[in-house]
Amino acid sequence: MKPIKLALIGECMIELQETSPGVTNQTFGGDTLNTAIYCARLAKELPLEVNYVTALGTDTFSQRMITFWEKEGVGSSLVLRQQGEMPGLYYIELEESGERIFHYWRSTAAAKKCFEFPESDTLLEALSGYDGIYLSGISLAILTPTSRTRLLARLKELAGSNMSIYFDCNYRPHLWTSKEEAIELYNQLYPISNIVFLTTEEAEILLDGAKNNKVHEALQKHGAKESVLKDGENPCTIFSDNHSIEVAAERVERVVDTTAAGDSFSAVYLVARKFGCSAAEAAKMAHKTAAYVVCHKGAIAPLDKMVVTGKNISDCIE
């Protein structure tokens, strides 16, 4: 079987993770990069190829992060390397509850200009060779206006050629000049997206206070084909194939760190759906994965004890 090819667009950053007051661990992360890694882990038992789309420098940190995600099976053939550019950095401060506080240094990161370098035309053209493209609200928000405009135009072209596009709202107010700016751009993504992911909190902000099934109704009016509404430890609701379903979340005794819970959920759900699993089965596996991830510090949980693998997806295919 010919491998399904996924391209995930965004920004990988240098991550400083607080392990105890005044003590940090250095790794790498970013919302769509986290999703790419969890997708690639499923590829160990599935005909699936995962590549990351971003821009980086030629510095040591940029090379280390490429090496980091290549070890996880995420390809780097769609990464633009630019002399004199650097990646961004963020620091994760953890509260006792497991919730995290992020501090960012990303204003001059190469990823912001990803689609306006001399080689960007070739990169945008290369996306036509993929079966699915995933991006988030953060992917959009960090881009300069020029790069954002060029990417959206290309995604609209690809959607017209039956490309599968997956959009995670991942709304972060501090990255936008206004809520209205984000809403206007999100409204351009909904009609071309095969799956839209969002949380109950995001829905209230982005969809004029919509709750429960009104969220799915609003997204359908905007043209979204399938929508997944996440609500933390509560059940998620899904609109797919002209009806809504509810899928219970996994119970977690003690949350250690919620970083990448949503990113890992999206990874498992979109891969499972792409390979033909039902929405209910995809959500069950996605919940299990997110529950595993929040029991570990950092965005990337240990590989050896992953509770959902590509084999689980193969077994559920209808």
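No lab work stands behind these numbers, since they all come straight from the coordinates. Computed from a predicted structure; not experimentally measured. As a convention, Cβ positions derive from the backbone with ideal geometry for all residues, glycine included, and neighbour counts pool all protein chains shown.
Quick notes on this structure:
- Coarse-grained scattering of segment 39-122 at q = 0.17 Å⁻¹, given as base-10 log I(q)/I(0) from a Debye sum over alpha-carbon atoms: -0.83
- Computed from label points 7 Å out along Cα-Cβ, the spacing between Lys5 and Glu45 is 2.6 nm.
- Dipole in debye (nearest 20) - segment 4-316, about Cα centre, beta carbon charges: Lys, Arg +1; Asp, Glu -1: 460
- Potential lengthening between Cys295 and Leu16 on full extension [0.36 nm per residue; Cα-Cα distance subtracted]: 98.6 nm
- Relative contact order, percent, segment 4-316 [alpha-carbon distance under 8 Å, six or more residues apart]: 16
- Distance between segment 26-47 and segment 67-99 - C-alpha centres, whole angstrom: 11
- Pairs exceeding a 22 Å alpha-carbon distance, out of Lys225/Lys305; Lys44/Lys284; Lys288/Lys311; Lys71/Lys284; Lys2/Lys284; Lys5/Lys71: Lys225/Lys305; Lys71/Lys284; Lys2/Lys284.
- Quarter of the Cα convex hull surface for segment 123-268, i.e. its orientation-mean projected area (nm²): 9.4
- Computed lengthening from Asn242 to Asn212, 0.36 nm per intervening residue step minus Cα-Cα distance: 9.2 nm
- Charge tally in the Cβ shell below 12 Å around Arg64, where Lys, Arg are +1 and Asp, Glu are -1, Arg64 excluded: -2
- Shape of segment 59-107, Cα gyration tensor, a/c cut at 1.5: oblate
- Translational diffusion coefficient (Stokes-Einstein; Kirkwood radius from C-alpha pairs) of segment 189-242 at 10 °C, 1.306 mPa s, in µm²/s: 147
- Rg/Rh (Cα only; Kirkwood hydrodynamic radius) as it applies to the chain: 0.93
- Relative protection proxy for 228-240, 78-90, 247-259, from highest mean packing down: 228-240, 78-90, 247-259 (other beta-carbon atoms within 10 angstrom).
- In terms of packing, defined here as the mean over residues of other Cβ atoms within 10 angstrom, the peptides 36-46, 270-280, 173-183 line up highest first as 36-46, 270-280, 173-183.
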